[in-house]
Amino acid sequence: MTKESISESTIQVNTRSKRGHVGLRVESVACANSDCRELSINVQFGDVALQRSTTGTYLQMQLDRFERALLPEARLVTLPTDVPEEIAITYREAVLVAEVSGRASAAMARRCLQGIVRDFFNIPNNKRGNLGAELSYVRSSIDPELWEAIQAVRGVGDIGAHMDQNVDHIIDITHDEAKLLIGLIETLFKEWYEARGTRRTATAALRELLGDKRDQQKQAKKNATQDSPEVSDSEDSLTTE
């Protein structure tokens, strides 16, 4: 990334509000790849102060109160092609809402997890219902370390999905915590769907290779039969005598 591809600017907003001297710091980055050249814009809001230097005065962000990515709309990973559309939509919603509501994002991550488990392991309809029961049904097929992380997503997601059961004591989930849950969902896409796709591609290539080699073997045998010298009738009679 070159210096020319990054720009920064800080502006002060209305100082008459009760928030005092606050402002926005905008950072924009243009992808240095000539085939991409995509624009990313990040905005920070916080306290600003006037600073002096040998070249003049400038505004500087003193305390970052919150930060938002404007472009791209969300940092979504590219999903394997065999991920069902409904799961892809739920994943996107979990990412988009994370900055606004950690609890809502956690609930969407939990819903995404349940969709993944049902689809990837082809959970039969008579075993579907409670996510915990569905996970127990396929526990033997899940890596132990991954199992622990999945249980964390389910547990935290339950807080977001069943907030009405905790009306007397609201448990907050920050957007950073929600992103941890989303990270696990992205790991499942990679370790389950992407790995399965890689195996299928490799198996198909090996199957094709085996077919080609068998065809070559058959052709070689056929050529050997055609090229072998035929025994004449006179030679047969001499051999018999």
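The values are calculated or read from the model by the stated rules, or taken from the named source; none is laboratory data. The model shown is predicted, which means the values in this text are computed figures rather than measured ones. When we count neighbours, we look across all protein chains shown, and the Cβ atoms used for this are built from the backbone with ideal geometry, even at glycine. Note: areas computed on protein heavy atoms with side chains; ligands, DNA, RNA excluded. Shrake-Rupley method; radii C 1.70, N 1.55, O 1.52, S 1.80 Å.
Summary table
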read-out	value
Some residue of region 125-137 being surrounded by 22 or more Cβ atoms within 10 Å (Cβ to Cβ), of a type outside the set (D, E) and in a helix (DSSP H, G or I)	no
Any chance P80 is under 22 Å from the mean Cα position of the chain (by Cα), within 25 Å of G155 (Cα to Cα) and not aliphatic (A, V, I, L, M)	no
Matching residues, region 10-22, being closer than 9 Å to L59 by Cα and either open to solvent by less than 80 Å² (accessible area, probe 1.4 Å) or hydrophobic (A, V, I, L, M, F, W, C) (or both)	T10, I11
Among (1) surrounded by 13 or more Cβ atoms within 10 Å (Cβ to Cβ); (2) part of a loop (DSSP other than H, G, I, E, B); (3) in contact with a helix residue (DSSP H, G or I) (Cβ under 9 Å, 6 or more places away or on another chain), the one test that A32 misses	(1)
Sole residue being under 26 Å from E194 (Cα atoms) and free of Cβ contacts under 8 Å to residues at least 24 places away in the same chain, chosen from R52, R111, R19, R92	R92
